[in-house]
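Remarks on the structure that follows.
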Amino acid sequence: ASTSTGSQSTSWTSFLKSLATFNGDLYSLTAPPFILAPISLIEYSQYWSEHPELLVAANHLKPAEDAVQDEIDLLTLQRQLAVTKWFIATLRSQYCSRSENLGGEKNPLNPTLGEVFVGKWDSPNDDTKVGETILVSEQVSHHPPMTAYSIINKQNETYLQGYNGIRATISATSINVKQFGHALLEYKDLQESYLITLPPLHIEGLISASPFVELEGTSYIQSSNGYITVIEYSGRGYFSGKKNSFKARIYKDQISTLNKENAIITINGQWSDKSYISRGSTTPHSKNGDELFYDAQALDANHVIVKPLEEQHELESRKIWDKVAEAIKKGEYETIYQQKSLIENNQRDLRKKEQLAGINWETRWFDLKDYEDWIAEDEQSQNPDAFLSLTSLSNLSIHNAPSGSLKSSKYDEGDAKHWRFNLNKWEQESEIKI
Ligand code: 0T9
């Protein structure tokens, strides 16, 4: 990492000092210009699908109609592996791409209420089995910031949706971030769904002005077929350990996770580099001749295609932030500040007008669903809700607890309202096009 000099280091030092009086709202920070990302946080939704072929892979592991039970069972496990591989493959995009493309982790622009980001991926390498994938993302809350997204591949009847927010605390050397929200992946043709939780993370490298993200703790992938992947993250330790390390264990059900010996498959390695796979609960390693599971460096990310600015709606992210983004790229501090203020004042005016008129901003494609209202009803239902059945299989909280909190843990509190995609609303959308 480069050491910053002159005015850069002065402004970074005062920024670090301002962190000392941090009030929990990361977005209220005024970071120095060289640490600003010229993109809005809403764009981070695209990282879920920079390998569309892996997102839809499970759909191609369908048993034939005359398949015997053994084949059916094997394919079920292979789908759990396929979903686990896709998830591991999203991590480099999610957590390393700013470092790789912008020279370090950056402070993204704080999306305005109702800001949207839409785009598509063409079939990678003209693979006719994949087809087009679309992204629809909306800023559903500004205080606190919450982004909801939906990623759809019609050809493979693959539907991913989710939402996320963060809560941050500051320690002497890092910013510690808990994620809120989760993702739901559905393969409609297979009638199979997966609940995916979001790992905690921290930002290191603050003292040297070269911040980067490291993941920690645990995240889960619970399938409706019972299988659960438990992923544990760790970073470079003082004495040992590599950066971006993880160990993923696949179990046949949640009860089995109580003893690590019960793992059917263990995967071990770096999510930003190579990982290895072996049967059972022993830790795989290339040294032992174990099989490569995934190489995050082998394939380039497939970037989302977004229409040119001239064709964009006034609520579209790049349209909203164009002038600010240009100023950030040029390092023009005054312009960044002026253009940002324009947007923020305009937002305050809009909220004031709504308040006077006695109306609330309405979300465009997502609804807030209160699961407390659903629990009783769901027990009678023939067609139970995917989120409720997956949280019950995985013993995960249905509340707005930090993502991955277990039922009856000390975090299992708060309301049970979660953002859900409304496909109807999207299909009736006439103004904003992909
Ligand atoms: C959801 C992701 C999230 C968003 C970012 C913490 C962070 C904002 C939230 C959690 C995505 O799916 C995954 C990746 C990175 C996360 C960001 C990393 C980061 O630094 C920012 C926060 C708001 C900052 O910008 C802190 C200020 C600055 C000192 C860091 C450079």
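The values are calculated or read from the model by the stated rules, or taken from the named source; none is laboratory data. Remember, it's a predicted structure, so these values are computed and weren't measured experimentally. No Cβ is skipped: glycine too gets one built from the backbone with ideal geometry, and neighbour counts run over all protein chains shown. What goes into the accessible areas is simple: the full protein's heavy atoms, side chains included, and nothing from ligands, DNA or RNA. Shrake-Rupley method; radii C 1.70, N 1.55, O 1.52, S 1.80 Å.
Out of every Cα-Cα pair in the range 71-139, what percent are more than 17 Å apart?
For the range 71-139, the fraction of Cα-Cα distances above 17 Å is 70 percent.
Roughly how many whole Å is it from the C-alpha centroid of the range 134-185 to that of the range 76-93?
Going from one Cα centre to the other spans 18 Å.
For the range 212-351, compute Rg over Rh where Rg is the Cα radius of gyration and Rh is the Kirkwood radius from the inverse mean 1/r over Cα pairs.
Ratio of gyration radius to Kirkwood radius: 1.18.
Please list, by residue number, everything in the range 254-281 whose backbone N is under 19 Å from a paramagnetic label point 7 Å out along Cα→Cβ of Lys242.
Zone members listed by number: 266-279.
Place the peptides 72-83, 244-255, 108-119 in order of packing, highest mean first, counting for every residue the other Cβ atoms within 10 Å and averaging per peptide.
The densest-packed peptide leads the list: 108-119, 244-255, 72-83.
With everything on Cα atoms, drop me the angle between helix 317-330 and the longest principal axis of the chain, reported from 0 to 90° to the nearest 10.
60 degrees
Could you provide, to the nearest whole Å², the per residue accessible area of the chain with probe 1.4 Å?
Counting only protein heavy atoms, the per-residue value for the chain is 49 Å².
What residue among Gly237, Gly217, Gly205 shows peak mean-square fluctuation when the chain is described by a Gaussian network model with Cα springs under 10 Å?
In the Gaussian network model the winner is Gly237.
Summing -39500 (n - 2.57) over the DSSP H runs of n ≥ 4 in the chain and dividing by its residue number, what mean residue ellipticity at 222 nm do you reach, to the nearest 500 deg cm²/dmol?
For the chain, the value works out to -8500 deg cm²/dmol.
With viscosity set to 0.890 mPa s and temperature to 25 °C, compute the Stokes-Einstein D of the range 4-127, Rh being the Kirkwood radius across alpha carbon pairs; µm²/s, no decimals.
Rounded, D is 135 µm²/s.
What lysines sit close enough to Lys410 to cross-link, taking a C-alpha to C-alpha distance under 20 Å and skipping anything fewer than 8 places away on the same chain?
Lys178
Please give the per residue volume of the convex hull enclosing the alpha carbon atoms of the range 25-85, rounded to a whole number of Å³.
It is 118 Å³ per residue.
Can you give the Rg/Rh ratio of the chain, where Rg is from the C-alpha atoms and Rh is the Kirkwood radius?
My calculation puts Rg/Rh at 0.96.
Given contacts defined as C-alpha pairs under 8 Å and at least six residues apart, what's the relative contact order of the chain, whole-number percent?
15 percent
What nm distance separates the two modelled labels at Glu429 and Leu19, each placed 7 Å from Cα along Cα→Cβ?
3.6 nm
Based only on Cα atoms, what mean projected area does the convex hull of the range 329-434 have, in nm²?
12.1 nm²
Not counting ligands, DNA or RNA, and with a 1.4 Å probe, what is Asp127's accessible surface area in Å² rounded to the nearest 10?
Result for Asp127: roughly 60 Å² accessible.
Roughly speaking, what is the stretch gain from Ser171 to Ser341, that is 0.36 nm per residue apart minus the C-alpha to C-alpha distance, in nm to one decimal?
Computed gain between Ser171 and Ser341 is 58.2 nm.
Go ahead and set up a Gaussian network model of the chain, Cα springs under 10 Å, then flag whichever of Lys129, Lys329, Lys352 fluctuates most.
Lys352
Please compute the contact order of the range 382-434 in relative form: average sequence separation of alpha-carbon pairs under 8 Å and at least six residues apart, divided by the residue count, as a percent.
Relative CO of the range 382-434 lands at 22 percent.
What's the carbon and sulfur percent of the chain's accessible surface, probe 1.4 angstrom, rounded to a whole number?
49 percent
Relative to 2.2 N^0.38 Å, what does the C-alpha radius of gyration of the range 376-416 come to as a ratio? Two decimals please.
1.19
Between their Cα atoms, which of Lys85/Lys407; Lys120/Lys433; Lys106/Lys330 are more than 21 Å away from each other?
Pairs exceeding 21 Å: Lys85/Lys407.
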